[in-house]
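Structure record follows, encoded as structure tokens.
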Number of protein chains: 4
Amino acid sequence: MARARLRDLGITIGKLPPGGNNAITDVPGVWVGHHSLVYNEPRCARTGVTVILPRQDTSREDHVFAGFHALNGNGEMTGLLWVKESGMLGSPIALTNTSQVGIVRDALTEYTVREHGGAGFRLPVVAETWDGWLNDIDAFHLDKGHVFEAIAEARPGPVPEGNVGGGTGMICHDFKGGIGTASRLVACESGQFTVGALVQANHGERGDLRVDGLPVGCEIGLELVPSPWEDMQSSSSIVVIIATDAPLLPVQCKRLAQRATIGMARAGGIGHNGSGDLFLAFATGNHLPAKAGCTLPLAMIPHHHLNPFFYAVAESVEEAILNAMTAAETMLGYQGHTAQELPLDLLQQVMAKYQV
Amino acid sequence: MARARLRDLGITIGKLPPGGNNAITDVPGVWVGHHSLVYNEPRCARTGVTVILPRQDTSREDHVFAGFHALNGNGEMTGLLWVKESGMLGSPIALTNTSQVGIVRDALTEYTVREHGGAGFRLPVVAETWDGWLNDIDAFHLDKGHVFEAIAEARPGPVPEGNVGGGTGMICHDFKGGIGTASRLVACESGQFTVGALVQANHGERGDLRVDGLPVGCEIGLELVPSPWEDMQSSSSIVVIIATDAPLLPVQCKRLAQRATIGMARAGGIGHNGSGDLFLAFATGNHLPAKAGCTLPLAMIPHHHLNPFFYAVAESVEEAILNAMTAAETMLGYQGHTAQELPLDLLQQVMAKYQV
Amino acid sequence: MARARLRDLGITIGKLPPGGNNAITDVPGVWVGHHSLVYNEPRCARTGVTVILPRQDTSREDHVFAGFHALNGNGEMTGLLWVKESGMLGSPIALTNTSQVGIVRDALTEYTVREHGGAGFRLPVVAETWDGWLNDIDAFHLDKGHVFEAIAEARPGPVPEGNVGGGTGMICHDFKGGIGTASRLVACESGQFTVGALVQANHGERGDLRVDGLPVGCEIGLELVPSPWEDMQSSSSIVVIIATDAPLLPVQCKRLAQRATIGMARAGGIGHNGSGDLFLAFATGNHLPAKAGCTLPLAMIPHHHLNPFFYAVAESVEEAILNAMTAAETMLGYQGHTAQELPLDLLQQVMAKYQV
Amino acid sequence: MARARLRDLGITIGKLPPGGNNAITDVPGVWVGHHSLVYNEPRCARTGVTVILPRQDTSREDHVFAGFHALNGNGEMTGLLWVKESGMLGSPIALTNTSQVGIVRDALTEYTVREHGGAGFRLPVVAETWDGWLNDIDAFHLDKGHVFEAIAEARPGPVPEGNVGGGTGMICHDFKGGIGTASRLVACESGQFTVGALVQANHGERGDLRVDGLPVGCEIGLELVPSPWEDMQSSSSIVVIIATDAPLLPVQCKRLAQRATIGMARAGGIGHNGSGDLFLAFATGNHLPAKAGCTLPLAMIPHHHLNPFFYAVAESVEEAILNAMTAAETMLGYQGHTAQELPLDLLQQVMAKYQV
């Protein structure tokens, strides 16, 4: 479904090297699965669900540390009260549309019941962005089985991007958006680590889009590639999931989460009023058995080693947003609405024009 | 279903007068509806859903201000990101069990679609406590229709308490718990107002229970009234909804929400690790049209007039918790588990013993 | 200066055993020092400063984890932005009055410069409550030398309570207040630990005061012991410092900090609008070298072992507040204002009356 | 002291028009005053204080609404607990260096005592960044009189930028930094308003500096203009003050404050670990008498009109940071350390090179 990745076009973001797949799955143990629903009858579906497993399928018994930041809270991410209270995450993370958060949440609980006898973590993390322009969102297409299929599809390695899973019907900077991912390798005094980001990008205005600082959204204006919207409006929301294998504490995960704002801002996001710009970071470097009977041994990277992680988050998020757009293909959907893809040739022309 | 209210027993909490019904519905426009599921076949159900309408059924078009506080975040309340970001609430509030949050959330969205053409608020507030001791929680009993019925049942006036709605299968201080409510009349320099609280009480240990400061939980120990649990464990979670007709701003609603801790502490709560102690306060005194085209006129009670409100919240929450227990009847449920009611005669004897 | 401690009067709070000194200094390495200013010329001084050293005088090089909670934020505690961001604390903690926060803060920095060549932690934690009824607060009595003297006085062992240090001119529940402390021993699956609290108590109304749940403030009303205030007003603010030697993470310190509300509520506090009810908890169980060159080894008590810590905090804070009042002596101060001490005989009579 | 403003060089940021002075003082009633200390004997001073009066000198009696966000909390801003609790601000705001926060805080209190008989707001807002490379920070140069002079100097109209006031000794993106300001005019359905920002810019690495998205920091590398630092290090901290005359509520001020991150990110900031990136926004459009005796009438701009404000903040902050650098002149300071100014001719050459 993907057309290209940004680096395929010769465009590089930032100064840090990417991981092997330039994907969130470069963090060992992080698996991603999609399930997409695309059909026109009986009601138009352009939606789906994406599942991220923080530690393959074992995070229920062996939690990870996590932290959260909202640039703008016009959206939903369940499960955050316990993330904030405990700094821990013990469930898969799922991304879908605004009206399917509930069914996905209950499906993750039912999955726990079915696969694990009901034991364990009952506060799953499910986030959403709104796909109601291309998808008949009031049809509530998704059922629990689709969530189980996404979990079954989860795997390491390259991650499908663009019009897939939760990102199927999304729109970004007035181009077709969706799922994107990227990663960076980090070297600091504490060692070598990987940081990865996955976004469900459904935000931003055309004129604000920047690629490596250059005003691509102005250069490829609405007169060249029409807006998906009938009347100009701010589209909305981006969910960012950040993963690292570094032994970070919850406060440090929160620090990483907030740096998603930097990457988003570089690409032209501003956090519109109608947007749910929700950033969750988790770190797998410590093991947190759910039923620990005594004090747990942990490791912590000193705060003053974290700057390279901040750059890694900013770069990964910036590139993941752009990957979502270079991957996504033009989509015709609900009520004849169309979201045009970012034209790759025009993008390359603009970048070349500013090359000096 | 209710046996008695605390005041029926001659026990008074605090110094402020209650409203006409001594219930959250004393705040004009606040309606409450329950739907309970109690049956043994095919799988044991002791659960339900409770709906609170902040402004009858118009909060979708005319939002209220709201604020939130968690004493302990081992629980779920959806919709909080927008409450925090905007200070506004535009949906019904629903209370249910841990595994039914998703279906209730989607039902509230579907209700909006069905009744209001899908327009408006899509981030509903649904909170939970865990009823899995008396209820076969993995049966996922609730469906969307039950939520619609609870909304249809919503009304002003006296509120059924104890084993009803979301509170059906709850346990509090090792007695049978459930839904409770209370209210207080507030007089301050800014005028006369009402504060009401509704709780879904499912928290606390026996020995910690206090009534008006007196150690009722020690006096009516586990040797007199057995624990519902096979092995001693901390039961978990209380959700508190606070309403007022005063024109409070979001920061002020948050201040009220935090005072629920005071009322809960007076009755013996401490916020156990496994507990989701989640407090949401809303204020109907300002009108916030969802589609306002210009600057909105508001009113605000000065912060230095708020002390009576803080007392009103503390007293209402303390009494609402106790009302939940005096109302609730002994329940036999899942796998033969039994939660004994708080014996009213013993309660009165203890109170009399300390009367001086 | 102290008259008695609560336990000297035969009154016991809670169910956990206290540490050897029933003081925050029972946590190994925690030292406390006071410097008090009490004189009438040239301007009336009833003020001072109290210093708490988290790890003797080494927290600058070996930080502790910390977390914060405000029940009500009408007050000042400097240094919190870094506590929140990093979860770490690397300075002494000082308590003084509202108008002396600045000089104390700069003194702590100057102390670092003088004693440690300026290296290290520059964001010290200084908190305040308002002593302007008994003390001529606009005289700005304190200078940097007084802070150095308090640091020099810091030591382990018993802690002077009542009218000392930062607590010199404070008023609590309309009796003379000031500094109080208490501690508890905690046993959990992770081992044996100590929790201690120190309060600068300057809050509360007479009628709200409870001792072990009993309505002491009503029984010893303003007709028996007059209010310090000319016109009835809510006095204001309590600062609580909580220490433990357990290896807690920052999120866990924050959880402990919030439980100070429980102890305060049990004693009759409600968090008045004008009050700065500020709670800081730190844990010395992990070592965090300021200049760590590689990943740090840590330990963490699992969250599900924390309930005994929550009880320990609630009990310690409740008893520390009461200790502040039983220790403090009647004080005549600025403009002839007088704050009467809590009469110990009346207190014992009330407690006996309710004994059953 | 200023060399130029960015617009003098023909460089424009963003799409919104600036106010008359392109300064925070374009918001009616906002006054700014500086006091600078620059001398070599007896100890080297390159420091000062900047004061922002939110409503001329009346904010003590007529508070403003305010909100805060920290991108990174390695810094100090006093007074925030009450800003968070109440959403209100009633003091001048002062900016200085890290070691002078205390004296400035107490000076603001003393000013209240002297000018206003001690009545009123006692929780002033003072923020800092670290100037210890150019300034002998351990000399604690500032005294209360300097703060009073800055207040006396406060006025509307053009604001001196660069090496003045609190910004005297600051370094930004490895060029000389300091104070900068900018403003934007906002039109929305609720009317016409002004947004202004003032920064004390002391953050960022050379290679990250961007001007209107273009990689100026790479083009004017350390080989062209040497770093001020002997060994490469992350310099630290930016304080941003945002003002508007719009009738915004506290939650809305907080939303504006967070958008400072966007402007900072566009210019190349990332929020280093050692940085205190502290953003405070206030809104003068409502009047909040300190001693209100009854309910206050307010106005509120609906949230869905706020997008233009978000752009205005981002653009103002981005331009204010750049103005700080174009204004600041090369400074020789403590121990012979030198911070080079941003060369304006090179800046213009780089911008021209990318002009297409």
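With (1) farther than 21 Å from B:LEU306 by Cβ; (2) within 22 Å of the chain's Cα centre (by Cα) as the list, and C:SER237 as the residue in question, which single condition is left unmet? Unmet for C:SER237, out of (1) farther than 21 Å from B:LEU306 by Cβ; (2) within 22 Å of the chain's Cα centre (by Cα): (1). When B:GLY157, B:GLY87, B:GLY75, B:GLY162 are checked against the criterion of being buried (at least 24 other Cβ atoms within 10 Å of the Cβ), over 30 Å from B:LEU222 (Cβ atoms) and at pLDDT 95 or above, a single residue qualifies: B:GLY87.
For segment C:319-327, state whether one or more residues are within 14 Å of chain B (Cβ to nearest Cβ) and small (Gly, Ala, Ser). Among the residues of segment C:319-327, not one is within 14 Å of chain B (Cβ to nearest Cβ) and small (Gly, Ala, Ser), which makes the answer no.
Assess whether D:LEU123 counts as being at pLDDT 95 or above, crowded, with 24+ Cβ neighbours inside 10 Å and not small (Gly, Ala, Ser).
no
Within this structure, B:LEU278 passes the test of being assigned to a strand (DSSP E or B) and under 19 Å from the mean Cα position of the chain (by Cα).
Look at C:GLU189 and say whether it is within 30 Å of B:GLN355 (Cβ to Cβ) and in contact (Cβ under 8 Å) with a residue 12 or more places away in the chain. So C:GLU189 fails the test.
Of everything in segment A:308-355 that is of a type in the set (Gly, Ala, Ser) and under 26 Å from D:THR261 (Cβ atoms), the residue that is nearest to the chain's Cα centre (by Cα) is A:ALA320. When each of C:ILE238, C:ILE301, C:ILE242 is tested for being closer than 22 Å to A:LEU249 by Cα, touching a strand residue (DSSP E or B) at 6+ places or on another chain (Cβ under 6 Å) and buried (at least 24 other Cβ atoms within 10 Å of the Cβ), the lone residue that passes is C:ILE242.
For D:SER236, are the conditions met, namely being under 24 Å from D:ALA94 (Cα atoms), more than 10 Å from chain A (Cβ to nearest Cβ), among the polar types (S, T, N, Q) and touching a Ser or Thr at 6+ places or on another chain (Cβ under 7 Å)? Spelling it out, D:SER236 is indeed under 24 Å from D:ALA94 (Cα atoms), more than 10 Å from chain A (Cβ to nearest Cβ), among the polar types (S, T, N, Q) and touching a Ser or Thr at 6+ places or on another chain (Cβ under 7 Å).
In segment D:290-334, how many residues are closer than 29 Å to D:GLU189 by Cβ, of a type outside the set (Asp, Glu) and not in a loop (DSSP other than H, G, I, E, B)? Total satisfying the criteria: 19. In segment A:122-135, the qualifying residues are those that are away from chain B (no Cβ under 11 Å) and touching a Ser or Thr at 6+ places or on another chain (Cβ under 7 Å), and the one that is nearest to C:LEU249 (Cα to Cα) is A:THR129. Picking from residues in segment A:216-235 that are part of a loop (DSSP other than H, G, I, E, B) and small (Gly, Ala, Ser), the one that is surrounded by the most Cβ atoms within 10 Å (Cβ to Cβ) is A:SER235. On inspection, B:THR261 qualifies as surrounded by 24 or more Cβ atoms within 10 Å (Cβ to Cβ), touching a residue at least 60 places away in the same chain (Cβ under 8 Å), among the hydroxyl-bearing types (Ser, Thr, Tyr) and facing another protein chain (nearest Cβ under 9 Å). Scanning segment B:86-105 for residues that are at the interface with another protein chain (Cβ under 8 Å from one of its Cβ atoms) and among the hydroxyl-bearing types (Ser, Thr, Tyr) yields a total of 3. C:ALA150 passes every criterion in (1) outside any strand (DSSP E or B); (2) within 19 Å of the chain's Cα centre (by Cα); (3) over 18 Å from C:ARG114 (Cα atoms) apart from (3). With respect to the conditions (1) more than 10 Å from every other protein chain (Cβ to nearest Cβ); (2) out of contact with any Phe, Trp or Tyr (no Cβ under 9 Å at 6 or more places or on another chain); (3) at pLDDT below 95, D:GLU223 lacks only one, and its number is (3).
Does C:LEU108 satisfy the condition of being facing chain D (nearest Cβ under 7 Å), over 17 Å from D:ALA107 (Cα atoms) and assigned to a helix (DSSP H, G or I)? The answer is no for C:LEU108.
Against the list (1) buried (at least 22 other Cβ atoms within 10 Å of the Cβ); (2) without any contact (Cβ under 8 Å) to a residue 12 or more places away in the chain; (3) more than 7 Å from chain D (Cβ to nearest Cβ), the condition C:GLY117 fails is (1).
Only residues that are charged (D, E, K, R) and surrounded by fewer than 19 Cβ atoms within 10 Å (Cβ to Cβ): list them for segment A:304-347, please.
Listed by number, the residues that qualify are A:GLU329, A:ASP345.
Each residue in segment C:72-85 was checked for being touching a residue at least 24 places away in the same chain (Cβ under 8 Å) and either more than 7 Å from every other protein chain (Cβ to nearest Cβ) or in contact with a Lys or Arg (Cβ under 9 Å, 6 or more places away or on another chain) (or both), and 7 of them qualify.
The values are calculated or read from the model by the stated rules, or taken from the named source; none is laboratory data. Remember, it's a predicted structure, so these values are computed and weren't measured experimentally. Cβ: placed from backbone, ideal geometry, glycine included. Neighbour counts: every protein chain shown.
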